[in-house]
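Chemist: Quick one: the structure is below, questions incoming.
The values are calculated or read from the model by the stated rules, or taken from the named source; none is laboratory data. Remember, predicted model here, so these are calculated numbers, not experimental data. No Cβ is skipped: glycine too gets one built from the backbone with ideal geometry, and neighbour counts run over all protein chains shown. Keep in mind that these areas ignore ligands, DNA and RNA; they rest on the heavy atoms of the full protein, side chains included. Shrake-Rupley method; radii C 1.70, N 1.55, O 1.52, S 1.80 Å.
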Amino acid sequence: MERAGAVHVHDFEDGGRDQLDLLGGKGANLAEMTRLGLPVPPGFTVDTEACRDYLAHGDLPPELLAEIDRHLARLEQRMGRGLGDPVDPLLVSVRSGARFSMPGMMETVLDVGLNDHAVLGLARQSGSARFAWDSYRRLLQMFGATVLGIDPHRFAEQLREVKSTRGVAQDLDLTTDDLKVLVGAYSELVEKECGRPFPQEPREQLHLAIRAVFDSWGTDRARVYRRQEHIPDDLGTAVNVQVMVFGNRGSSSGSGVCFTRDAATGDPGVYGDYLPNAQGEDVVAGIRNTVPLTDLGQLDRASYEALLEVMARLEGHYRDLCDIEFTIEDGRLWVLQTRVGKRTPQAAFRIAADLVDEGVIDLDEALSRVTGDQLGRLMFPSFDPFAQRELVTVGVNASPGAAVGRLVFDSETAQDWAGRGEDVVLVREETDPDDLPGLIAARGVLTSRGGRTSHAAVVARGLGRTCVCGADELEVDAAARELRTRHGLRLLEGDLVSLDGSSGEVFAGAVPMVDSPVVRWLEGGPVADDVVAAVATLLRHADTRRRLAVRANADTPSDAARARRFGACGVGLCRTEHMFLGERRHLVEDLVLAEEGAGQRAALDTLFPLQRADFVGILTEMDGLPVTVRLLDPPLHEFLPDLTELSVRVAVAEVQSTPDAHDLRLLAAVRRLHEQNPMLGLRGVRLGIVVPGLFATQARALLHAMADRLETGGDPVIELMVPLVATHEELRLVRAELEQVREEVEAERGLELACPIGTMVEVPRAALTAGRIAASADFFSFGTNDLTQLTWGFSRDDVEAAFFSDYLDQGVFADSPFETLDVEGVGALVRTAVEAGRLVNPRLHVGVCGEHGGDPRSVHFFDDVGLDYVSCSPFRIPVARLEAGRSALHRP
């Protein structure tokens, strides 16, 4: 690969927000704000191509350091200061910035350029020795942890020790001499851990920091975050080198983060946090509790008004919620970063609908800004407002939702307990990027420090986790595994707590849940609030845009009724085997035991009226809409007793001389039908061919139910689906039998009964020979659950717990193929079958009825490949409707 001669470094003045792939999100937005004339500290971006080159070759591209030095020289000339100059030093920050926002996942180094001499020049130039030595200790701490790989807790321990020795609680209470002592301790720690002193050469610091940002792309926590957010691993990150401005220069300085709308609720207004005499990393880390942004109006009116102007201008320019980081240095406002802000599902729908009402965007763009995943989260239950509850404390309502779980005090425990099926709430003083796996595993997160822009709050909102932070009445004792309040309440690890992320309330014990307002509206209830109104608007618009129909997997009349309320346009999968579970299971046993024809007919006659009544109920609820009925499919072992248990029961009875004739006959049948791998055995179409009359009885019951509905004025629409077909001959045999039954029922009832007959494509051979099978099929429906198992050679029940986590961790899977369709493998079979089937039968109707039918990303593939409908569980119907509408926006 040719590496020489490429341009990898770009001044802020030379870029724009249309270069996200090259400059990363942060660099592109810094360039855009610079072009807008906003007060952005100058700097330059090392692009993502340089990172990808570095990751591919293990070293920086040739000439990159020289290119960086040329841009640095221009920056020094512009600022009139030299990097690390001992008289008037220029200092820079080094920050990551990938194409997609990854808050807190990659590293930042501030105050690059300081050394033992420059710190004295900074003290003279600023007039504040304390500020200079505070900046130097920050550099040592960040550089030591990020660049040199020293455990950050070692620096935190040194800081606690100095504060304890001086008898102070806050970093701000440390004097200049205290900070000098801390710098000395940090320097000794660096030399001891690294075997060399802290690098004093400013350019060496810069070069090493840039390498460290590139390396941070490959850290475990960055990989975990990308996997969670479905961000490709091969994008790489840019690096932004920017002139330092200082929020820690005294009472007229400070740093903050603000949002042009509430990122938690979507409410319009001014929201954010401000921390006087602090750097931006202090705000994000939550080391001190911030003050509301409105307090800045009293502290520094001019800067506050200037910030409001910047916020209004950026939201108008980006036409969306903007997340803005800023610093005030000696009364002068600087804008350090902006991005389209992460938001909760509530805020996403509310903001999109509000921007439509304000005339900023149209409904199509609003629809493109919300997702099915977000809608799914809005359908989760919330706390019952009338339930008894014990209030522990109230913190900052950082990320809405209701979470109930057992307290855990570290990320590892959260993962372990969640892995064994426990719901957990992660509690920390404040979180850091290393807590990401625990945040993903937990139902909610609770911190005693930090505000709505802290690491915990930002990451929780992005992950859709409930978060209450800044609950400063709580004392978190991670070592003792307990949580204490000022009123003497103690909560131990494993105790149940409930978090209300909308109010910031924390309750002891488990508070009962109720359906969400969105679900109540879907069930026919009122539009309870602005969020539900926004969901209604955008879901209805999705229905006007989508080409793909959405059906339901429904096996009972109640399932069908709910599916219709949720917007289903039919039933795509009615699993008849579910009608034989529970009390009816013995009827299948009777059918198996009835080896002779008369006995089998008697058993089928018993099943007939039950099936007929079931079908009448479902057809009544889905009147006028299609109902696809799958003939009996599951392995027989699901209906019969376990071989080992039954053998033991018979053996014990024989020892006691009390043999049961039924058990003896049943054991003989179970042994005869026992299979080593039932999933690949006597099931589906094979069962229908081997057990005469089974499919005919089901078809007869369904057709009589159809006739019953027609005679009462109904409008039943049915489709008969033959499962597990692998060859044209199987479908041809069964179809002939079913058509004969239809003719008999038509003659008996004196009605014409339209009944398309198709097959469920769930065997790879069926997909590969779809052209032949389509000659006997009116429709295909892809059973992607079994198709995935058979394509991968996986038994889902066995492998998910056995090794899927390892495959995900090591990048074999980006996602479980049982959750999101494997487009390259299973998807290729789907595409092949659709094309081959329609070549033979241009009128072939095609859908999907596996769980993937309700997966947001899979829906887009099914739309692209030309399916007519997706079918999913009732609760996923709104999600599929929304995603089908979003998919249509991208189609020509």
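Chemist: Can you give me the ranges of the helices (runs of 4 or more DSSP H) entirely in region 275-370 with at least 3 residues that are of a type in the set (D, E) and modelled with pLDDT of 95 or more?
Modeler: 301-318
Chemist: So, in region 854-876, exactly how many residues are modelled with pLDDT under 95 and crowded, with 24+ Cβ neighbours inside 10 Å?
Modeler: From region 854-876, those modelled with pLDDT under 95 are 854-857, 872-876; that's our starting set.
Then drop every residue that is not crowded, with 24+ Cβ neighbours inside 10 Å, which leaves 854-855, 872, 876.
Of the residues in region 854-876, 4 are modelled with pLDDT under 95 and crowded, with 24+ Cβ neighbours inside 10 Å.
Chemist: Right, another one. Test of understanding: among E204, E193, which residue is out of contact with any strand residue (DSSP E or B) (no Cβ under 7 Å at 6 or more places or on another chain) and within 16 Å of Q158 (Cα to Cα)?
Modeler: The conditions single out E193.
Chemist: I've got another one for you. For region 634-710, please list each of the helices (runs of 4 or more DSSP H) lying entirely inside it that holds at least 3 residues being at pLDDT 75 or above and over 46 Å from the mean Cα position of the chain (by Cα).
Modeler: It comes to 643-655.
Chemist: Quick check on this structure: which one of L110, L30, L60 is in contact with a Ser or Thr (Cβ under 6 Å, 6 or more places away or on another chain) and either part of a strand (DSSP E or B) or hydrophobic (A, V, I, L, M, F, W, C) (or both)?
Modeler: L110
Chemist: While we're looking at this one, here's another question. Consider D815 carefully, then state whether it is within 36 Å of the chain's Cα centre (by Cα) and free of Cβ contacts under 8 Å to residues at least 12 places away in the same chain.
Modeler: no
Chemist: A follow-up question, please. Can you tell me how many residues in region 416-427 are within 18 Å of the chain's Cα centre (by Cα) and assigned to a loop (DSSP other than H, G, I, E, B)?
Modeler: Number satisfying all stated conditions: 1.
Chemist: Quick one: is V741 closer than 22 Å to V840 by Cβ and part of a helix (DSSP H, G or I)?
Modeler: So V741 fails the test.
Chemist: Please specify each residue of region 840-862 satisfying the condition of being outside any helix (DSSP H, G or I), under 18 Å from A880 (Cα atoms) and of a type in the set (A, V, I, L, M, F, W, C).
Modeler: So the first thing to find is which residues in region 840-862 are outside any helix (DSSP H, G or I), and the list is 841-850, 855.
Okay, now just the ones that are also under 18 Å from A880 (Cα atoms), so 846-850, 855.
The answer is V846, V848, C849.
Chemist: Assigned to a strand (DSSP E or B) and either over 25 Å from D220 (Cβ atoms) or at pLDDT 90 or above (or both): does that describe L375?
Modeler: When the stated conditions are applied, L375 does not pass them.
Chemist: Tell me, which residue of region 135-163 that is outside any helix (DSSP H, G or I) and in contact (Cβ under 8 Å) with a residue 40 or more places away in the chain is surrounded by the most Cβ atoms within 10 Å (Cβ to Cβ)?
Modeler: The qualifying residue surrounded by the most Cβ atoms within 10 Å (Cβ to Cβ) is V147.
Chemist: Considering only residues of region 428-477 that are in a loop (DSSP other than H, G, I, E, B) and farther than 18 Å from S502 by Cα, which is least open to solvent (accessible area, probe 1.4 Å)?
Modeler: Selected residue: T431.
Chemist: Oh, and also: What residue, among those in region 504-522 that are open to solvent by less than 50 Å² (accessible area, probe 1.4 Å) and assigned to a loop (DSSP other than H, G, I, E, B), is nearest to V425 (Cα to Cα)?
Modeler: Checking each candidate, the answer is G509.
Chemist: Only one of these conditions is not met by L299: (1) surrounded by 15 or more Cβ atoms within 10 Å (Cβ to Cβ); (2) in contact with a helix residue (DSSP H, G or I) (Cβ under 9 Å, 6 or more places away or on another chain). Which number is it?
Modeler: The failed condition is (2).
Chemist: For the structure I just gave you, tell me whether E13 is within 30 Å of R137 (Cα to Cα) and of a type in the set (D, E). Can you show your working first?
Modeler: On the way: within 30 Å of R137 (Cα to Cα): no; of a type in the set (D, E): yes.
Here the answer is no, as E13 does not meet what is asked.
Chemist: Follow-up. Criterion first (surrounded by fewer than 22 Cβ atoms within 10 Å (Cβ to Cβ), among the aromatic types (F, W, Y), modelled with pLDDT under 95 and farther than 21 Å from F380 by Cα) does F813 satisfy it?
Modeler: The answer is yes for F813.
Chemist: Related question: Considering each residue of region 68-97, count those that are assigned to a loop (DSSP other than H, G, I, E, B) and touching a strand residue (DSSP E or B) at 6+ places or on another chain (Cβ under 7 Å), and give that number.
Modeler: 2
Chemist: Applying the selection to region 236-254, what residues are touching a Leu at 6+ places or on another chain (Cβ under 8 Å) and closer than 30 Å to R369 by Cα?
Modeler: G236, A238, N240
Chemist: Being of a type in the set (G, A, S) and at pLDDT 90 or above is the filter; apply it to region 523-537 and report the residue that is surrounded by the fewest Cβ atoms within 10 Å (Cβ to Cβ).
Modeler: G524
Chemist: Which of the residues belonging to region 762-780 are closer than 11 Å to L844 by Cβ, outside any helix (DSSP H, G or I) and not aromatic (F, W, Y)?
Modeler: Scanning region 762-780 gives A777, D778.
Chemist: Here is a further query. Quick one: count up the residues across region 113-134 that are surrounded by 21 or more Cβ atoms within 10 Å (Cβ to Cβ) and within 18 Å of K163 (Cβ to Cβ).
Modeler: Residues flagged as surrounded by 21 or more Cβ atoms within 10 Å (Cβ to Cβ) and within 18 Å of K163 (Cβ to Cβ) within region 113-134 amount to 2.
Chemist: Shifting gears a bit: Can you pull out the residues in region 800-839 that are aromatic (F, W, Y) and either at positive phi or in a helix (DSSP H, G or I) (or both)?
Modeler: Across region 800-839, the qualifying residues are F803, F804, Y807.
Chemist: State whether the residues of region 324-332 include one that is more than 30 Å from the chain's Cα centre (by Cα) and within 26 Å of C469 (Cβ to Cβ).
Modeler: yes
Chemist: Within region 403-415, identify whether any single residue is basic (K, R), outside any loop (DSSP other than H, G, I, E, B) and either without any contact (Cβ under 8 Å) to a residue 24 or more places away in the chain or touching a strand residue (DSSP E or B) at 6+ places or on another chain (Cβ under 9 Å) (or both), and answer yes or no. Lay out the reasoning, then the answer.
Modeler: Kept after step one, since they are basic (K, R), are these residues of region 403-415: 406.
From what is left, the residues that are outside any loop (DSSP other than H, G, I, E, B) are 406.
Imposing the further condition that a residue be either without any contact (Cβ under 8 Å) to a residue 24 or more places away in the chain or touching a strand residue (DSSP E or B) at 6+ places or on another chain (Cβ under 9 Å) (or both) reduces the set to 406.
So far as region 403-415 goes, yes, one or more of its residues are basic (K, R), outside any loop (DSSP other than H, G, I, E, B) and either without any contact (Cβ under 8 Å) to a residue 24 or more places away in the chain or touching a strand residue (DSSP E or B) at 6+ places or on another chain (Cβ under 9 Å) (or both).
Chemist: Pull out all pairs, ordered by first then second residue, where Cβ-Cβ is under 6 Å, the residues are six or more apart or on different chains, the first lies in region 174-200 and is in contact (Cβ under 8 Å) with a residue 40 or more places away in the chain, and the second is among the small types (G, A, S).
Modeler: Correct list of pairs: T176/A129; V190/G144; F198/S187.
Chemist: Which members of region 238-260 meet the condition of being among the small types (G, A, S) and under 32 Å from the mean Cα position of the chain (by Cα)?
Modeler: Within region 238-260, A238, S255, G256 meet the criteria.
Chemist: Answer yes if at least one residue in region 486-499 is part of a helix (DSSP H, G or I), of a type in the set (S, T, N, Q) and surrounded by 14 or more Cβ atoms within 10 Å (Cβ to Cβ), and no otherwise.
Modeler: no
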